[in-house]
Amino acid sequence: MTRLTVALRRYPHTEPLLDGTVRIPGCTLDLPEVEPIHRAFAPMVREQRYDVSELAVATLLQAVEAGVPIAALPVVLHGNFHHRSISVWGGEGRLRPQDLRGKRVGVRAYSQTTGLWVRGVLRDTYGVRSEDVTWVTTEGAHVDGAPEPPNVERTTVKLVDALRRGDVSAVVMGARSADFDRHVGRV
């Protein structure tokens with residue numbers, strides 16, 4: 001019997017595997033609880049802690065570029081439409097995407113997939129280049145040694161607190177992170 005350590009987030013479509021309803025013949029699964037799932041990404045690409053792990057596409061691409069011995073399975077577990085993943089304090093309409101030039105914007109990690117998509121939307125739809133913004137992050141890349149551009153700064157302050165205090169003009173975060181507070185509005 002093969003034993004595999006598998007890191008997956010609980011979604012309706014992964015629940016049968018995680019609760020044991022669906023079994024893989026010849027395999028025993030160790031299923032560590034990793035919440036939020038992005039906490040599995042760095043251990044996966046840095047030390048191959050899991051035999052199988054959910055992984056963000058940006059982390060996967062950086063790992064492949066860095067020569068990490070990792071293989072991707074063509075299985076999409078989760079996706080988002082990131083046109084509404086940038087938020088401001090105080091509700092909608094205070095800041096337009098074009099107004100972000102020269103501003104500080106918080107994002108968990110520069111290499112985070114959500115931030116990658118948002119930077120692409122800002123560039124392709126609104127003409128705001130990544131280098132026109134100072135990106136304020138709370139953590140580095142999941143892949144050791146992945147470079148960050150010079151317009152990235154690190155902070156120890158929670159991003160929503162930095163937004164509330166005015167240290168950043170906006171934050172990049174998915175709906176699950178931003179919807180907790182009625183004062184956070186979308187750009």
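Considering (1) open to solvent by 80 Å² or more (accessible area, probe 1.4 Å); (2) without any contact (Cβ under 8 Å) to a residue 24 or more places away in the chain, the lone condition that SER130 does not fulfil carries the number (1). Reported count of residues in region 103-124, each being open to solvent by less than 80 Å² (accessible area, probe 1.4 Å) and touching a residue at least 40 places away in the same chain (Cβ under 8 Å), is 12.
Number of residues in region 29-61 that are open to solvent by less than 80 Å² (accessible area, probe 1.4 Å) and not in a helix (DSSP H, G or I): the value is 13. Here THR134 passes the criteria (1) under 25 Å from MET44 (Cα atoms); (2) β-branched (Val, Ile, Thr); (3) touching an Asp or Glu at 6+ places or on another chain (Cβ under 7 Å) except the one numbered (1).
In the set (1) open to solvent by 20 Å² or more (accessible area, probe 1.4 Å); (2) in contact with a Gly (Cβ under 7 Å, 6 or more places away or on another chain); (3) closer than 17 Å to LEU163 by Cβ, the condition left unmet by ALA66 is number (3). List pairs: first residue in region 5-28 and part of a loop (DSSP other than H, G, I, E, B), second residue among the hydroxyl-bearing types (Ser, Thr, Tyr) anywhere in the structure, Cβ distance under 7 angstrom, at least six positions apart or on different chains. Short answer, once both residue conditions are applied: LEU8/THR14; GLY26/THR2.
Going through ARG154, ARG164 one at a time, which residue ends up being modelled with pLDDT of 95 or more and either out of contact with any Leu (no Cβ under 7 Å at 6 or more places or on another chain) or open to solvent by less than 80 Å² (accessible area, probe 1.4 Å) (or both)?
Details: ARG164 fails: modelled with pLDDT of 95 or more.
On inspection, the qualifying residue turns out to be ARG154.
Every condition in (1) modelled with pLDDT of 95 or more; (2) exposed (fewer than 12 other Cβ atoms within 10 Å of the Cβ); (3) among the hydrophobic types (A, V, I, L, M, F, W, C) holds for PHE180 except the one numbered (1).
For TRP89, the requirement of being in contact with a Lys or Arg (Cβ under 9 Å, 6 or more places away or on another chain) and more than 21 Å from THR59 (Cα to Cα) is met.
The values are calculated or read from the model by the stated rules, or taken from the named source; none is laboratory data. What you see is a predicted model; the values in this text were computed from it and never measured. When we count neighbours, we look across all protein chains shown, and the Cβ atoms used for this are built from the backbone with ideal geometry, even at glycine. Ligands, DNA and RNA are stripped out before the accessible areas are found, and what is left, the full protein with its side chains, is counted by its heavy atoms. Shrake-Rupley method; radii C 1.70, N 1.55, O 1.52, S 1.80 Å.
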